[in-house]
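Take a look at the structure below.
What follows draws every value from the coordinates through simple rules; no lab data is involved. Predicted, not measured: the structure shown is a model, and the values here were computed from it. When we count neighbours, we look across all protein chains shown, and the Cβ atoms used for this are built from the backbone with ideal geometry, even at glycine.
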Amino acid sequence: MEHSQQYQLGSWIICPQTNTITNKADTHSIDNKSMQVLLFLILHSGEQVTKGQIFEHVWKDSFVADDILSVAVSKIRKVLGDNARSPTFIKTLPGVGYTLIAKVQKINDPKQGRSKKINVSSIYKPSITIGIITLLLIATSLAMYFINTDEDSLANRININSIAVLPFDDLSSTQDNQHFTDGLSDAIINQLSQIKQLKVISRYSSFTFRGKYKATEIGQSLKVDALLDGSVQTMGDQVRINVRIFSTSDSQQLWSKTFDSENEDIFTLQDNISAAIQETIQPDYVPKNSISSLTQTKKINAQAYEWYLMGQYHWRQRNPISLSKAVTYFKHSLTLEPEYADAHIGLAVTYGSLHYSANWSEKKSFDKSLPHIEKALALKPNSPTALATQGMLLTLKAGYETGFADADSALIQQAHQAFLSSLALDDNATTHRWYSLLLKKLGNESQVIQHLNKAIKLNPLSASLKRSLSKYLHSIGKPDSAQRMYQRALALEPDHFSHVIESTQVFRHTQKSIIALAEWHSANADIFTNCSSDEYCEQLVLAYLSIGATDVANNMLAQMGGKHRHFRNSLNLIKLGSEEEEQKILAIKERISLNRPNNRRVLFDLAVAQFRAAKFNLAKTSLLQLYPNWRNKADIGPNDITADNYMALVLYAATLSKLDEKEVTALLLHKVQTFLKKDRVFDKIQAEFSLAEINAQLENTTQALQHLSTALDMGWLESNNREWWSLQNNHLLRPLFEEPEFKLLLKQHQEKLNELREQVIRKLSTISS
């Protein structure tokens, strides 16, 4: 039986060479042993095949468990959609073996390209793992190098305008080579991106589909003509690489090839990958540089490359623990290869990331990164990644040197230029994201949103980018838009490491969210031992203060080093709020507004502080600065009320009431109430609570108490990360304060807080024990 022979089994095409089973809708990969079992059954179609015969053929001279055959058959049945009790393909013969009952036919063998064996004797192999990755990349290079591009019909079939490279599957038994397989896909993406006529989807979107092979669905999501994927299977010192290109319009496989190869110099052959793939999928493309010029790259030690891939893998996790590992791997790489530009860039980026994801100061991150980015730019002056990293680091430097006070300073202009130069070379989503950080510091709201939206357009399925946009939308006073965007990110990446704590920056606290925070805190105690991430610790402190867990919060505060200014402000506001020092709170909010005069969230908070300090005319002025079209109160219609501004409009109506504009107040509050009953707000709990506030202001006591009771039952809690008052001194519920039922609800709420606090303390007690 020829290994290259394909078979028609029902509606399925069996391709032993690629270990794939395909029909018009789906393509599935199975492991090599399962394919051998299926081929043996095909060879003896219609015959009774004993288990002993299969073991002798597939696992000859190997000691394996008896159930391995049933597992293999189960895998085959799952792919074929077969049912053991009512079989269409494979019938079990109890106590004997199996028989293939479906009709099978040979498919005419297509013309095959030639493959070669590579001599491994001259290659340095410091370890089995390094040998594996070297073999992996070489074999893939071979796959691309030996494609027969002379066949015009093949070139025409896969002449495409857009492609997504999916993560290669690691089929090795240990399943510990993901950083290698990901690195292989990354290399192909980078190579294909050099073709200006070809749209190549970024890894942050294409990698969303890890392990999924619904070609038409992926094509619709990513809007591409074709997909490229592959798998890597190690067998001792041998590696088998399966590479495929298939259409997203009809799921038909356009090209595939399997290569069994030994080792060779990866960096000699890796230069052939770009030329081979480019010629295969874009036969009319003529590269500006010849192959000979492309191969004039210094070869990198295989071990150094392995460490670099490991560093990249951990950097992408973006949490304090993984970033620390990334630093270690990049340093190992540079110890072996001091002139390795990409490793210098990786280390510089990781040091910069430690400011955002750990507790490093801007200056520390910049100082540690500077020599590495300077070295990288000396080695690769036109590297778009190096230039983008330089822009990100200069943004950090501007933060501690000038505080962005002078937008025209030479330092900030240098940062602008670095980002723009990088984008001119490579319109990259990560660069747009980093550039948005600089623009955010400069208060350029429209350009921040423009660049984040551009990044999302380039990487439509990147959860990380959506989280960034969500947090920014919340910071500028668009809470509902922020929550909806965060939910989209969560749908893409539900298991994101720190989503439990990061979501607190966008959503209010609830009883469920506080419990989830405590559980996450307990499960990741190492991060909080010395508060390796100030941002994480700050959010936990504010959450615990929200439920009155003062001792727990103070213990964390004692472990924290320097505290961000916004966090210090929050702590002061909470303390002053408990003391009802509204004038002092107003002074803090006024100072903040001077530094951020055009920020919606800051202006809204200022208006709340002015209202609570009985400065109603000032509150009205602040709210009209937020929404100038509200000056004509009678003209405020349904289209002027949104899920982002309805809370501000409630405060505006209450302010007008204090200024004796009762009729307008009632009209506006009724309009907001009508809007809320249309169920257009994402945060249902807050909407219910706002209905309580509206009815309290309208002096509809019964309805106000009903809405308040419902909101509390739904899990409403004080959220000290965004407000400094509690339920008992809420300014819009003041008309209810003397109502017996309100006092009863307040008592019940306090009892729930006490119970919740005890639950949190019990969950955290496991840390010390």
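Model label sites at D426 and A407, defined 7 Å from Cα along the beta-carbon direction, differ in position by 3.0 nm.
Placing a label point 7 Å from the Cα of E758 along the Cα-to-Cβ line, no residue of segment 702-726 has its backbone N under 18 Å from it.
Does segment 369-417 come out rounded, prolate or oblate, given a ≥ b ≥ c as the square roots of the eigenvalues of its C-alpha gyration tensor, rounded meaning a/c under 1.5 and, failing that, prolate meaning a/b above b/c? It is prolate, given that a/c is not under 1.5 and a/b is the larger ratio.
Here the calculated FRET efficiency for Q5 and F497, from their Cβ-Cβ distance with R0 = 51 Å, stands at 0.65, rounded to the nearest 0.05. Highest mean packing comes first when the peptides 756-766, 193-203, 715-725 are listed by Cβ atoms within 10 Å, giving 715-725, 193-203, 756-766. Taking H as built 1.01 Å from N, whose amide H comes closer than 5 Å to the amide H of T88, not counting residues under 5 places away? Answer set, sorted by chain and number: N83.
What FRET efficiency do you get for K471 and D526 if R0 is 30 Å and r is their Cβ-Cβ distance, rounded to the nearest 0.05? According to the calculation, E is roughly 0.75. Normalised Debye scattering of segment 562-660 at q = 0.13 Å⁻¹ gives log10 I(q)/I(0) of -0.48, counting only Cα atoms as equal scatterers and leaving out solvent. Taking a straight line from the alpha carbon of K633, these lysines sit under 30 Å away, with near neighbours fewer than eight places off in the same chain left out: K478, K589, K615, K620, K658, K662, K671, K677, K678, K684. Packing, as the average of other Cβ atoms within 10 Å across residues, places the peptides 659-665, 82-88 in the order 659-665, 82-88, highest first. For K75, a cut-off of 19 angstrom between C-alpha atoms picks up these lysines, skipping any fewer than 8 places away in its own chain: K33, K51, K91, K212, K214. Taken along the Cα-to-beta-carbon direction at a fixed 7 Å, the label points for Q105 and T766 span 6.0 nm.
Using a Förster distance of 25 angstrom, determine the FRET efficiency expected from the C-beta separation of T216 and N190, and round it to 0.05. Efficiency for this residue pair is about 0.40. With the highest mean first, a sort of the peptides 12-19, 488-495, 533-540, 622-629 on other beta-carbon atoms found within 10 angstrom per residue produces 533-540, 12-19, 622-629, 488-495. In plain terms, the chain from E663 to N569 could stretch by 30.1 nm, reckoned as 0.36 nm per residue minus the Cα-Cα distance. One chain, two ends: S74 and W59. Fully extended at 0.36 nm per residue, the span grows by 3.7 nm beyond their Cα-Cα distance. Were the residues from Q559 through A378 laid out at 0.36 nm apart, the gain over their Cα-Cα distance would be 61.1 nm.
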